[in-house]
Amino acid sequence: MAYVTLSKSSLTHNYRYLQNLFHENDIEWAPVLKMLCGNEIFLGFILSLGDEQVCDARLSNLKIIKKLHPEKETIYIKPPAKNSIEKVVKYADVSFNTEFITIKWLSEEAKRQNKIHRIIIMIELGDLREGIMGDSLIDFYKRVFELPNIEVAGIGSNLNCLNGVMPSKDKLIQLSLYEQLIEAKFGKKINGVSGGSSVMVPLLLKGLIPKGVNHFRIGETLFLGTDLFANETIPDMKDDVFMLHSEIIEITEKPAVPHGYIEANPSGERTQINEDDYGSTQRRAILDIGLLDISKVDFLKASEDNLSFIGASSDMLVLDLSKSTKTYKVGDIVSFKMTYMGALRVMNSKYIKKKLID
């Protein structure tokens, strides 16, 4: 059975690195825990590492977090759906919002639950996912300010999540100016300016975060150590928090080119034949994991550089061992690092065992 491991030592190292980085820059941060997909063992460990707020985009995961640590402040990091309002107020201390009617529903539900629900108003900065347009912010805030049982905890933005628009100092200055505009207009202090996610860490390392932007939500860089500008691991961070391990179930020398009439496979892909490969063979290994678990082989990177992917079906992954310097046999384990989306898919698979190590 394939399994994924979470290294306590590597995760602790990355957590402390970010904790110190943000503390040195007088910035608050909240770990984004959706990569853990509600796994109680993994959640229990990371929740013990610090007192920071935590974020998730799934209410079922926030429910587990509140069960494990009722005192932990939770943030629901997407605009709530109408049918989830009751649970949002129950399990999230703060939620992201962009629609007045949704905040009105939150207000009514918070009153029923005898709570003050805090919101972060998300502002569009160019990536065109969630966020209200900046020119409507003043009127929007005025209407929200009049609702009972609602407190505006801050304003925020998201970049790089849909269209890949990267953050810049200018965009963050724009976000900070929106905060100043609200404070000047209404005489109300906006305590939090949540500038974005892991994509902001490289800007912080270069000293490009303007004063006033004082909060970030960090997931990918926490778990993978990624610099999303350079697409490489940040120096002094670990990239092996998550590792996927899969067993070899067949090894056979086979022709490099399939033979017979070729149509699209179940994934809709059609094999392209390289005529130079006719007559050649490959030492192929089949692993006990497939697209049902990983979605794309591009989301994986084998721990040995000399292994290459041939393809995958729903339940099996095929590797070319021809250039490997190791002598593999049936029953051996091949390990992989994963991209952000790869780790999400693997963690969300009920067929992959999860293990906390070291």
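Annotations for the structure displayed:
- Gaussian network model of the chain, springs between alpha carbon atoms under 10 Å - residue of GLY44, GLY192, GLY331 with greatest fluctuation: GLY331
- Reduced Cα scattering model of segment 111-163, Debye log10 I(q)/I(0), q = 0.20, 0.26, 0.31 Å⁻¹: -0.74, -0.98, -1.17
- Under 5 Å, built H, 5+ apart or other chain: amide partners of ILE123: ILE132, GLY156, SER157, ASN158
- Annotation for TYR278 and MET133: the two label points, set 7 Å from Cα along the Cα-Cβ direction, are 6.0 nm apart.
- A crude spin-label estimate for the pair LYS206 and GLU183, with each label 7 Å from Cα along the Cβ direction, gives 2.7 nm.
- Largest-first ordering by accessible area, 1.4 Å probe, given options TYR328, TYR15: TYR328, TYR15
- Expressed to the nearest 5 percent, the antiparallel share of DSSP beta bridges inside the chain is 45 percent.
- Beyond 22 Å in Cα-Cα separation lie the following of the pairs LYS78/LYS104; LYS254/LYS350; LYS82/LYS354; LYS72/LYS115; LYS87/LYS142; LYS301/LYS323: LYS254/LYS350; LYS82/LYS354; LYS87/LYS142.
- Ignoring lysines fewer than eight residues from LYS206 along the same chain, the ones with Cα atoms less than 16 angstrom from its Cα are LYS169, LYS171.
- With 20 Å bins from 0: P(r) over the chain, alpha-carbon pairs, percent: 27, 49, 21, 3
- Placing dummy labels 7 Å off each Cα toward the beta-carbon, the span from ALA230 to THR271 is 4.1 nm.
- Residue-by-residue Karplus 3J(HN,Hα) for segment 341-358, coefficients 6.51, -1.76, 1.60, Hz, glycine and proline x: 5, x, 5, 4, 5, 5, 5, 7, 7, 6, 8, 9, 6, 10, 10, 8, 10, 6
- Toward the positive end of the charge dipole of segment 59-123, with +1 on the Cβ of Lys and Arg and -1 on the Cβ of Asp and Glu, the farthest Cα among PRO79, ILE65, ALA92 is that of ILE65.
- For segment 3-13, 3J(HN,Hα) per residue [Karplus equation, 6.51 cos²θ - 1.76 cosθ + 1.60, θ = phi - 60°, Hz, x = Gly/Pro]: 8, 10, 10, 10, 7, 4, 5, 5, 5, 4, 4
- For segment 242-356: rounded, prolate or oblate by the Cα gyration tensor [a/c cutoff 1.5]: oblate
- For a label point 7 Å along the Cα-to-beta-carbon line of ILE41, residues of segment 229-269 with backbone N under 19 Å: 240-247
- The chain, relative contact order [Cα under 8 Å, separation at least 6], %: 19 percent
- About the centre of its Cα atoms, segment 8-228 shows a dipole size close to 480 debye [charges on the beta carbon of Lys, Arg (+1) and Asp, Glu (-1) only; nearest 20 debye].
- Taking ILE209, ILE333, ILE75 as the candidate residues, the one with maximal mean-square fluctuation in a Gaussian network model of the chain, Cα springs under 10 Å, is ILE333.
- Scanning residues 5 or more positions from SER322 or on other chains, those with amide H under 5 Å from its amide H are ARG283, with H placed 1.01 Å from N in the peptide plane.
- Per residue accessible area in Å² of segment 1-52, where ligands, DNA and RNA are left out and the probe is 1.4 Å: 41 Å²
- Farthest toward the positive end of the dipole of the chain, out of ILE120, PHE145, MET243, is the Cα of PHE145, where the dipole comes from beta carbon charges about the Cα centre.
- Pairwise centroid distance, computed over Cα atoms, of segment 146-178 with segment 87-141, Å: 12 Å
- FRET efficiency estimate (nearest 0.05) - Cβ-Cβ, SER313 to PHE100, R0 51 angstrom: 0.60
- A quarter of the convex hull surface defined by the alpha-carbon atoms of segment 109-246 gives 11.2 nm² as the mean projection.
- Here's how it looks for SER95: its modeled amide H is under 5 Å from those of TYR76, ARG118, ILE119, ILE120, which are all 5 or more places away or on a different chain.
- At R0 = 45 Å, FRET efficiency that the Cβ-Cβ distance of GLU146 and ARG16 yields, to 0.05: 0.55
- Note, ³J(HN,Hα) from phi for segment 149-160, Karplus 6.51, -1.76, 1.60, rounded to Hz, x at Gly and Pro: 6, 10, 10, 7, 7, x, 10, x, 8, 10, 9, 6
- If R0 is taken as 30 Å, the Cβ-Cβ distance between HIS69 and LYS296 corresponds to a FRET efficiency of 0.30.
The values are calculated or read from the model by the stated rules, or taken from the named source; none is laboratory data. Note that the structure is a prediction, hence the values are computed from the model and not measured. Quick reminder, even Gly has a Cβ in these numbers, built from the backbone with ideal geometry, and neighbours come from all protein chains shown. Keep in mind that these areas ignore ligands, DNA and RNA; they rest on the heavy atoms of the full protein, side chains included. Shrake-Rupley method; radii C 1.70, N 1.55, O 1.52, S 1.80 Å.
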